[in-house]
Amino acid sequence: MRRGQVAIYLLMVLVALFLVALLNVDVFDVVRGKNRVQNGGDAAALAAARKQGRLLNEIGKLNIAHLVAAAQDDARTCEELTMEQRRLALLGPVEALRLANHAAKKNDMEVRDEFAEILREHVAEIRLVYSGGTNEEGEPYPEPYPGAWTEYATAIENVISEGLACGPDNVEFYGAQGGHYLLMKDFYHAIAGENWCWFHWHAEGLLNSYSSYMDWSPLPTRSENSMENSEIFNLHVRAWKGAITDLLSTNEIQHICRTYGDGEIPQEQLAESVILTNRDQVWFLFESERWGRWFNGLSLADEEDGYEFPIVGEIKPEYNVRGCAAITRCIKEVESVALESTSDVVWAAGAKPFGTVENFEGETDVVTALSSFVVPCFTNVRLVPLDSVGGEDLSTADYGWVTHIRKHLPYYLEHGPVNAQGCFYCLQLQTWEMKHFRDGGIRWIKNYAGTCVRPTGGGGGGHGGTSHGH
């Protein structure tokens with residue numbers, strides 16, 4: 001071999017080694033970036049859920065203090081306690097967002113303006129619409145207490161001013177929409193990937209009957225959101241007006257005060273109190289449609305809610321509880337040396353506070369007639385699967401998704417496909433409107449539906465996070 005040939009050969013080897021080294025650096029950076037964003041998202045969700053638990057405990061303690069004040073016929077104290085509960089339910093979860101962002105920043109998450117932009121737009125809506133405006137049904141947005149909307153908007157603005165390194169991904173806007181194919185992310189991803197098995201399992205009737213955008217039913221509204229709650233990291237409590245003696249027996253009141261307070265109330269106060277039987281009093285309860293058991297026994301699915309949640313073994317009572325939760329989204333930019341480009345690694349994490357209420361009979365349960373009364377019982381916080389707390393399709397920290405839902409869908413429903421540059425979801429709707437595309441899916445299902453296997457979990461859309469835990 002001539003000297004020149006040897007030199008060329010060595011150069012080729014060196015170039016190959018250099019490329020391998022670059023590839024290794026890229027792989028290391030991607031793995032490190034993914035680990036960091038996962039740690040940041042998990043830490044943020046846990047911080048927010050921990051604050052949720054503390055807020056519920058504070059509201060519960062005030063409930064007990066209200067019982068004591070009511071037994072003493074101290075109307076002024078009762079009113080002050082209720083006002084403090086209203087402020088905690090509305091403003092407290094905004095502080096949870098602040099704590100989540102502190103946790104994200106400690107885990108090296110960078111501030112992302114897209115998180116702030118979503119909330120800035122919503123703050124403008126709070127100031128313009130909630131204060132004196134009406135919802136889609138033409139009804140006013142009642143303030144939980146005088147000046148609440150101004151305080152609420154200001155609290156969110158104060159958190160935004162610090163810079164958001166994570167976004168709240170399960171915001172429940174008042175009058176929010178849900179329960180429609182156009183509001184399901186999986187619908188769009190099934191179109192993009194021609195995932196006909198998804199249509200077979202979830203929307204075969206839609207695939208067979210659909211003809212054009214005019215077939216869609218109106219986007220539904222959800223009016224059950226209690227406006228005592230913050231939209232961000234909603235606690236799912238409600239201010240119930242009525243006589244507490246219509247909800248709890250004397251023995252149950254004494255049990256609550258003995259178990260969670262400073263001791264029983266003197267019996268003569270209970271017998272003589274006027275306020276305890278006053279139906280204008282406000283008490284804070286768990287929203288019964290939100291709080292309850294996840295599973296009875298070892299049930300693998302909640303047919304009514306329509307989600308599957310595989311479990312193995314027995315679930316401890318303190319962890320077999322639905323209710324409030326916090327879902328956070330973090331994004332980390334990862335640089336590719338070899339490709340001279342950058343890409344975003346996204347992670348969504350869910351966490352929730354846990355606790356059990358001791359019933360009068362001495363057993364522990366989640367939400368019964370007795371335990372619908374909020375008491376300070378929350379002692380744990382854990383990461384939870386996203387689909388178990390209904391956060392998969394909300395994605396309210398995803399600016400592209402929120403923009404599509406709020407700005408593109410109304411136009412689409414009235415005029416047809418939107419040519420919104422850069423909108424992934426609009427592109428899928430353009431594909432969906434093509435009859436040959438839908439016909440291809442119908443033929444595939446007819447011939448190959450037997451090969452479909454129902455999924456049991458996994459991340460959504462390749463963006464990190466998991467449906468069934470991580």
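Among the conditions (1) assigned to a helix (DSSP H, G or I); (2) over 18 Å from L270 (Cβ atoms); (3) in contact (Cβ under 8 Å) with a residue 24 or more places away in the chain, the only one that R76 does not satisfy is (3). Residue-level analysis places E392 among those that are at pLDDT below 80, assigned to a loop (DSSP other than H, G, I, E, B) and under 23 Å from A47 (Cβ atoms). Counting only helices (runs of 4 or more DSSP H) that fall entirely inside region 204-284 and contain at least 1 residues that are under 21 Å from S372 (Cβ atoms), the qualifying elements are 250-260, 267-272. Within region 67-90, track down each residue that is among the hydroxyl-bearing types (S, T, Y) and within 31 Å of the chain's Cα centre (by Cα). If the condition is that a residue be among the hydroxyl-bearing types (S, T, Y) and within 31 Å of the chain's Cα centre (by Cα), then T82 is the only one that fits. Based on this model, can you work out whether A203 counts as hydrophobic (A, V, I, L, M, F, W, C), without any contact (Cβ under 8 Å) to a residue 40 or more places away in the chain and over 30 Å from T82 (Cα atoms)? Judged against the criteria, A203 is a match. Restricting attention to region 147-177 and to residues that are within 24 Å of V37 (Cβ to Cβ) and acidic (D, E), the residue that is surrounded by the most Cβ atoms within 10 Å (Cβ to Cβ) turns out to be D169.
Are any residues in region 100-115 out of contact with any Gly (no Cβ under 6 Å at 6 or more places or on another chain) and surrounded by 20 or more Cβ atoms within 10 Å (Cβ to Cβ), and if so, which ones?
Correct list: A100, N101, A103, R112.
Close contacts from region 387-399, counting a first residue that is within 13 Å of K352 (Cα to Cα) and a second that is of a type in the set (G, A, S) and at pLDDT 80 or above, with Cβ to Cβ under 6 Å and a gap of 6+ residues or different chains, come to V389/A325; V389/G350; G391/G350. For beta carbons closer than 8 Å, sequence separation of 6+ or different chains, a first residue in region 418-431 that is surrounded by 14 or more Cβ atoms within 10 Å (Cβ to Cβ) and a second that is assigned to a loop (DSSP other than H, G, I, E, B), the qualifying pairs are C426/P417; C426/V418; C426/N419; C426/A420; L429/P417; L429/V418; Q430/P417; Q430/N419. Within region 63-98, the set of residues being more than 23 Å from E272 (Cβ to Cβ), surrounded by fewer than 20 Cβ atoms within 10 Å (Cβ to Cβ) and hydrophobic (A, V, I, L, M, F, W, C) comprises M83, L91.
Take the conditions (1) over 30 Å from Y213 (Cα atoms); (2) modelled with pLDDT under 80; A420 misses just one of them, which is (1).
Can you tell me which residue in region 139-172 is nearest to the chain's Cα centre (by Cα), limited to those that are within 18 Å of A45 (Cα to Cα) and either in a helix (DSSP H, G or I) or small (G, A, S) (or both)? Filtering region 139-172 for residues that are within 18 Å of A45 (Cα to Cα) and either in a helix (DSSP H, G or I) or small (G, A, S) (or both), the one nearest to the chain's Cα centre (by Cα) comes out as G167. The criterion of being in a helix (DSSP H, G or I), in contact (Cβ under 8 Å) with a residue 60 or more places away in the chain and either farther than 28 Å from V384 by Cβ or in contact with a Leu (Cβ under 8 Å, 6 or more places away or on another chain) (or both) holds for L67. If you check W291 against the conditions, is it more than 30 Å from R112 (Cβ to Cβ), within 18 Å of the chain's Cα centre (by Cα) and either modelled with pLDDT under 90 or not small (G, A, S) (or both)? Yes, satisfied. All told, K316 falls short of being at pLDDT 65 or above, on the phi < 0 side of the Ramachandran plot and buried (at least 22 other Cβ atoms within 10 Å of the Cβ). Of the residues making up region 377-385, at least one is more than 30 Å from L67 (Cβ to Cβ), crowded, with 19+ Cβ neighbours inside 10 Å and either of a type in the set (A, V, I, L, M) or in contact (Cβ under 8 Å) with a residue 40 or more places away in the chain (or both).
Is at least one residue of region 76-92 closer than 30 Å to I244 by Cα and either small (G, A, S) or modelled with pLDDT under 90 (or both)? Yes: region 76-92 contains one or more residues that are closer than 30 Å to I244 by Cα and either small (G, A, S) or modelled with pLDDT under 90 (or both).
Let's see how each residue does on (1) in contact (Cβ under 8 Å) with a residue 12 or more places away in the chain; (2) surrounded by 15 or more Cβ atoms within 10 Å (Cβ to Cβ); (3) over 37 Å from the mean Cα position of the chain (by Cα):
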site	(1), (2), (3)
R238	yes, yes, no
I256	yes, yes, no
L270	yes, yes, yes
R279	yes, no, no
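The values are calculated or read from the model by the stated rules, or taken from the named source; none is laboratory data. Bear in mind the structure is a predicted one, so any value in this text is a computation, not a measurement. Don't worry about glycine lacking a Cβ; one is built from the backbone with ideal geometry, like all the others, and counts go over all protein chains shown.
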